[in-house]
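So the structure is just underneath, and the comments pick up after that.
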């Protein structure tokens, strides 16, 4: 059992002090995951990976009652927190840009607005996938938002790499289909 898993068990038993020991152990991994996620974002992203990790950590432990079943659950929760932060920021930026475009059109902002809209479109499709297939949606979260490999996800989820790869392939296809439907371009049979 890793030290992280032991601390997660302590947290589940209500030992609140354990969360203070958890952050130093997972900080570098969370920062790597945030940096990986930020590289996929548009150049308009003003949030730095360190700030994303700190904000996500505050959301994770902010309610004072964290309860993660295992490492996969913890990193999934961290990925969801990072995703919510990025989506919230994209929504806020898109709203501000729409307001500014109403006053003065700015062609330089078009690429930024499209990137923010892209983030929101993926978020909405992923929310639908979470309802249809929670396991596949979790693989997408861990791969896309956390940057974990199939091997890392399999190890944390205690399943085979083949199962993770299958869920990833099916999830990508379903997300693509959802995005096409949302854009009014149904897939051809």
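The values are calculated or read from the model by the stated rules, or taken from the named source; none is laboratory data. None of these values were measured; they are calculated from a predicted model. Every residue, glycine among them, receives a Cβ derived from its backbone with ideal geometry; neighbour counts consider all protein chains shown.
Select from the range 39-59 the residues that are surrounded by 13 or more Cβ atoms within 10 Å (Cβ to Cβ) and at pLDDT 85 or above and list them in ascending order. Result: 50, 51, 52, 53, 54, 55, 56, 57, 59.
When you scan the range 122-129, do you find a residue that is loosely packed, with under 15 Cβ neighbours inside 10 Å and part of a helix (DSSP H, G or I), even just one? Looking for residues that are loosely packed, with under 15 Cβ neighbours inside 10 Å and part of a helix (DSSP H, G or I), one finds at least one in the range 122-129, hence yes. Of all residues in the range 171-184, those being in contact with a helix residue (DSSP H, G or I) (Cβ under 9 Å, 6 or more places away or on another chain) and not in a helix (DSSP H, G or I) number 1. Scanning the range 78-110 for residues that are surrounded by 12 or more Cβ atoms within 10 Å (Cβ to Cβ) and modelled with pLDDT under 60 turns up 101, 106, 109, 110.
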